[in-house]
1. Taking the range 3-52 as the search range and keeping residues that are free of Cβ contacts under 8 Å to residues at least 60 places away in the same chain and surrounded by fewer than 20 Cβ atoms within 10 Å (Cβ to Cβ), which one is nearest to L146 (Cα to Cα)?
2. Look at the range 62-84 and say how many of its residues are open to solvent by 40 Å² or more (accessible area, probe 1.4 Å) and over 28 Å from E152 (Cα atoms).
3. Just the residues that are modelled with pLDDT under 75, open to solvent by less than 80 Å² (accessible area, probe 1.4 Å) and not in a loop (DSSP other than H, G, I, E, B), please, taken from the range 226-239.
4. I'd like to check something: does the range 203-221 contain any residue that is open to solvent by less than 50 Å² (accessible area, probe 1.4 Å) and out of contact with any Phe, Trp or Tyr (no Cβ under 9 Å at 6 or more places or on another chain)?
5. If you go through the range 205-225 one residue at a time, do you hit one that is within 19 Å of G13 (Cβ to Cβ) and not in a loop (DSSP other than H, G, I, E, B)?
6. Kindly state which strands (runs of 3 or more DSSP E) lie completely within the range 136-189 and contain at least 3 residues that are open to solvent by 50 Å² or more (accessible area, probe 1.4 Å).
7. Looking at the range 27-46, which of its residues are of a type in the set (G, A, S), in a loop (DSSP other than H, G, I, E, B) and either over 15 Å from I9 (Cβ atoms) or under 14 Å from the mean Cα position of the chain (by Cα) (or both)?
Amino acid sequence: MEKTGKILIVGGGIIGCSTAFYLTQAGYCNVTILEAVGVAHAASGRAGGFLALDWCDSSFTKDLARKSFQLHEELAKTLGKDIGYRKMNTLSMSVLDGTDKKSNKKNNKGCDQAPDWVDGNVQHCQEIGNTCTTAQVTPKLLCEALLDKAKEHGAQVKIGQVVGAEVNNNKVTSLKLKDGECVKCDAVLLSMGPWTGQGLAWFGKPNVVSGDRAHSVLLKPELENQDTTSSQIDNTALF
């Protein structure tokens, strides 16, 4: 396809934003993300953003995971915006409620690695990652930074819910929005997460994508005057 061809990306999560970024980096100048609600509205804006270098080494995704870990560090340096990237110490830990009644102090069972902000009796503690092998980003910030950079090279975002597609001679020619508008295109990428099955149905394809519902709980420490440097929570991830 010519680099001037119109590419529509359905979904403004991490896959949609990163695809728009890399397409524009490759010289494609007519890229539009169609997003029903807002950028990183669903899982991509609420995930933990945890990164591990070698946790997939026994899987067929080993090379992909290692490349991804390296790539996130590079993006933190090159995107020019804060994406919440930080290197992490990572522990496997089992903690019970309460304190040692005799000393009125936390009982860490000799675990010197337990961070000071862990409140409770540490029953088990083991290092499973360090600042060379584990890290974290803020997914919503990463999506926004990728998209902003893509916009600098011509990408656009259009808010609208896609409900169908027009296909002629086995070639997609446009996508239909809920408000009745048809958006013409030369190519379509579905990056709809667990809703991708709905998109596949527009083209008469079977639903081979499914998702599981999960909860994400975000705890924010009380900070004096919103000063993040006053937080006592360090860069330790607990599993």
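The values are calculated or read from the model by the stated rules, or taken from the named source; none is laboratory data. Small disclaimer: the values here were computed from a predicted structure and weren't measured. When we count neighbours, we look across all protein chains shown, and the Cβ atoms used for this are built from the backbone with ideal geometry, even at glycine. Heads up: the accessible areas ignore ligands, DNA and RNA and are worked out on the full protein's heavy atoms, side chains in. Shrake-Rupley method; radii C 1.70, N 1.55, O 1.52, S 1.80 Å.
1. In this case the residue turns out to be Y22.
2. 3
3. The one that is modelled with pLDDT under 75, open to solvent by less than 80 Å² (accessible area, probe 1.4 Å) and not in a loop (DSSP other than H, G, I, E, B): S230.
4. no
5. Going through the range 205-225, the residues within 19 Å of G13 (Cβ to Cβ) turn out to be 207-216, 218.
Pick out the ones that are also not in a loop (DSSP other than H, G, I, E, B) and you get none.
No, the conditions are met nowhere in the range 205-225.
6. Numbers: elements: 156-159, 162-168, 171-177, 182-184.
Correct list: 156-159, 162-168.
7. G27, A40, A42, listed by residue number.
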